[in-house]
1. Whole number in Å², please: accessible area per residue of the stretch 452-492, 1.4 Å probe, ligands, DNA and RNA not counted.
2. Using bins 5 angstrom wide from zero, how does P(r) for the stretch 547-666 break down, in % of all Cα pairs?
3. Given a Förster distance of 51 angstrom, what is the FRET efficiency for Ala82 paired with Arg464, based on the Cβ-Cβ distance and rounded to 0.05?
4. Kindly work out what percent of the DSSP beta bridges joining two residues of the stretch 272-392 are antiparallel, to the nearest 5.
5. Considering the alpha-carbon set of the stretch 39-134 alone, what are its Rg and its Dmax in angstrom?
6. So, with a 1.4 angstrom probe, what is the percent of accessible area on the stretch 94-134 that is carbon and sulfur?
7. More than 21 Å apart: what percent of Cα pairs in the stretch 499-599 qualify?
8. Considering the convex hull of the alpha carbon atoms of the stretch 378-522, report its projected area averaged over all viewing directions, in nm², one decimal.
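The values are calculated or read from the model by the stated rules, or taken from the named source; none is laboratory data. Predicted model only: the values in this text are computed from it and were never measured. Positions of Cβ are backbone-derived with ideal geometry, glycine not excepted, and every protein chain shown enters the neighbour counts. Accessible surface areas use protein heavy atoms only, side chains included; no ligands, DNA or RNA. Shrake-Rupley method; radii C 1.70, N 1.55, O 1.52, S 1.80 Å.
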Amino acid sequence: YYHQIAARLPVHGEMVEVQDVTAEAIPRLYLRAERGTLMAEVRFGYGEHELQADPDPVHQSTMDLPGSWTLLHIHRQPEREAQFYELLTDARFGLKRAGREFPYGTFEIRARLHPYDFLMHCIPALTQAGFEIFGDTSALGKINHNTPVLRVSVNSGLDWFELNATVQYGDQEIALAEVRKALRKGEHYIKLADGSIGQIPEAWLERYKHLFALGEETGSGLRLNNLQLSLVDELLADADKTEIAPEFYQQRDRLKTLDGIQPQPAPRGFTGQLRPYQQAGLDWLHFLRDYRFGGILADDMGLGKTIQVLAFLQSLKEAGAGGTTLLVVPKSLLANWQRESARFTPDLQILEYYGTSRNKGAVDFGAFDIVLTTYGTLLRDIEHLRAYCFQYAILDESQAIKNPMAQSARAVRLIQAEHRLAMTGTPVENNTFELWSQFAFVNPGLLGSMEYFKREFAAPIENRQSEETAALLKRMIHPFLLRRTKEQVAPELPPRTERIVFTDLEPSQRKLYQQTRDYYRGLLLGIIDEDGMENARMKILEGLLRLRQICIHPALVEPTYKGNSAKFEVLLETMDTLQAEGHKALVFSQFVQTLHLLEKEMRGLGLSYAYLDGRTHNRQERVDQFQGDPSLSFFLISLKAGGVGLNLTAADYVLHIDPWWNPAVEMQAADRAHRIGQEKPVFIYKFITRDTVEEKILELQSRKKKLVEQLIAAEGSFFKSISKEDVQALFS
């Protein structure tokens, strides 16, 4: 065929030589900088000769050999060319086909891929895959291949540290602040003074992202407050040369280990006895104050967070450093705080700032040690409260602000206070984001902005189960969150701890209570005067029964009652916390109807339970179910049906909804959990409505202590001992 072509040429055929080229096709890429990016053109070499990429290459191509009478007959390898052409679209090579305005065989680097990433990482991969690389990329700059070297110095201030660092690429040096700017833009390369390009190690982006994001830029350095010292660890570990202020290591190590916390004497005006772990909590609170940190006291329910905080406030007052504390609590805990303070720290002056009787205009907060208010009152009066700078702002049950977008969470962050504390038995109930909201109150800035925390902490931990991120978060908050579980402090706890939880009546509940009380008081005193105490006993029982039922829930007396029950509110809050913490509890009431009302409320809250009353036939089956099923958090039991004869050691809490006349019966009920085989400390909660017959029953029992100790089984003896004066006290 080629000889036929040569024969038709206007020269003698013997003058034209035809050469066959059968070499293997070698893929070649020709790079050029264009429009600020890299373009790549693919060609195929056959021996000393080269052909453009062709969408439909023939098996044979003919071309002239320049400067000669030789024709080249190139035997192409279409399958091999197509294989390499398709290989270029593999993601690891960072290329994609260019648009139609470019010749066939033209590629460009993928979007979001920096040209220097292509040069540093993709070119070696292409070479290994068999491509030969040609072209001039000098327009992009010369790459400095030196490994970056870190030099770090840290200087100390009053409550901050300034971090200065330089990065050296051979003989070229650049400030770490410039590296930070590049990393925050997502860039992995930085231009050096001589015009060359230095690569920023990709590991730095992950290791230092929190340091760079949370530190405050100060010219050539970064300023960190004392809260954020743990973020410097990775940088120091990578540094080749350091100049560190000794104070930095002292402060950092103290935060890491909490060593060096100075023991504090118990305040003289504290009337109780602090257990060892409670004393450690007091020491920790002083440590936070000394270094101007906020913190979250997150001890397990029942370990005495209230007592620790009261002892701390008392010690500040005795040291002349108390000032005024704003104490924000759920409405259901107002009475409990008042009672605990009156019992353990009677010297603390408390202003009860809530309800319709509060005076927003004339009250002088500075005249009191504690301004006690509720989350609802704070939300309504935030403009008034934020105008005063408190010494301390303390949130009890701080999970109330776990939603950072809620109005109450926003309101508490507006409070002015020199120091901030929070208290909760469940710092995290549903997700890690709840931590951000609470720390945004106690230590603003520690965990960055809400969006930053959601992106860099919450998402990796919850969506990707990142153990590394979880470990970093734990390390960051460790010094500022003190949590002890009952298991951890069990050696210092008695095997059985009792606590009285006080609540107040709701307004509509109080109105019904007062009407019922006044009716029976007039009726009973008349009967006693006319017919004697013996003939009044049945009416006494009836009147006390009605009042006790109203204290629990008015619906027990008036089925059409539509209001709330204060006791039910605090009871359900307690149960919700216990289930969140993984505890199991026995819930006792004298009244079966109470348990039925409670069942309805629990179902609405998703609280899991078993049930037992006098009509239950398969008692042991219910017991076995509760004992063996970890998903059942509560066992609702009528006091008479389940007060004796049951072994319920799976429970570590016992909740008494209503007080029983005979304390021995309550003790026997609690013994269902607190008996041989129980390996955990048992906590017994008694829910008492303040300023009602329930509280007076406790007072009456106290006055007749010897009698109560003698009562083993027959509560009737209790009523036989009641006098006219006792009736007046009970119904007053």
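1. Result: 55 Å² of accessible area for each residue.
2. Binned Cα distances yield the sequence 2, 11, 23, 24, 21, 13, 6, 1.
3. About 0.85, to the nearest 0.05.
4. In the stretch 272-392, DSSP labels about 0 percent of beta bridges as antiparallel.
5. 15.2, 50
6. Answer for the stretch 94-134: carbon and sulfur cover 52 percent of the accessible area.
7. 45 percent
8. Across all orientations, the stretch 378-522 yields a mean hull projection of 14.1 nm².
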